[in-house]
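Q: Structure in structure tokens, see below.
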Amino acid sequence: MNDNLQEADATGTLELMGETAPVSYKVSAGGDQQDGKFVVKVAVKAPRDWLLKRGFKTSATLVRQDGSRLDLHHDGELDVGEAVSVELMAVDDSSSTDSDALRRNYPELRL
């Protein structure tokens, strides 16, 4: 993989306080130009009201297509003044420069 951004859309399940909801998520990966590391971002647009009704504070769990679990975070405290669709995100700025490891960890990208 070169420094170009690679993106993929996928579906999974958002878990919070023992409840689940189907969600779409986006995985994007690119190379860090300074040291060749891969930076991967996973983002979900989640319904604000669903999150608030379940006591959302700052994070929820995404169960990805391959069954792996990933903690997603929201920047700041969530309240009713937010947009109805809230972005939750995880960033993996792994020190790995191994594209095979990237393929194993993020099969959604189909590299």
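The values are calculated or read from the model by the stated rules, or taken from the named source; none is laboratory data. Small disclaimer: the values here were computed from a predicted structure and weren't measured. When the accessible area is computed, the model is the full protein with side chains, heavy atoms only, and any ligands, DNA or RNA have been set aside. Shrake-Rupley method; radii C 1.70, N 1.55, O 1.52, S 1.80 Å.
Q: Near the amide H of LYS37, under 5 Å away, which other amide H atoms are found, from residues 5 or more places off or on another chain, if H is placed in the peptide plane?
A: Amide H to amide H, under 5 Å and 5 or more residues apart or across chains, LYS37 pairs with ASP32.
Q: Please enumerate, by chain and number, the lysines with C-alpha under 21 Å from the C-alpha of LYS57, excluding those fewer than 8 residues away in the same chain.
A: Straight-distance partners of LYS57: LYS41, LYS45.
Q: Per residue, how many Å² of accessible area does the range 12-111 show with a 1.4 Å probe?
A: Working: 5770 Å² over 100 residues.
With all protein chains present, the range 12-111 gives 58 Å² per residue.
Q: While we're looking at this one, here's another question. Counting only C-alpha contacts under 8 Å and six or more residues apart, can you give the relative contact order of the chain as a whole percent? Walk me through the intermediate numbers first.
A: On the way: 221 pairs, mean separation 31.3, N = 111.
In percent, rounded to a whole number, it is 28.
Q: With every protein chain in place, what's the accessible area of SER28 (1.4 Å probe, Å², nearest 10)?
A: The accessible area comes out at roughly 20 Å².
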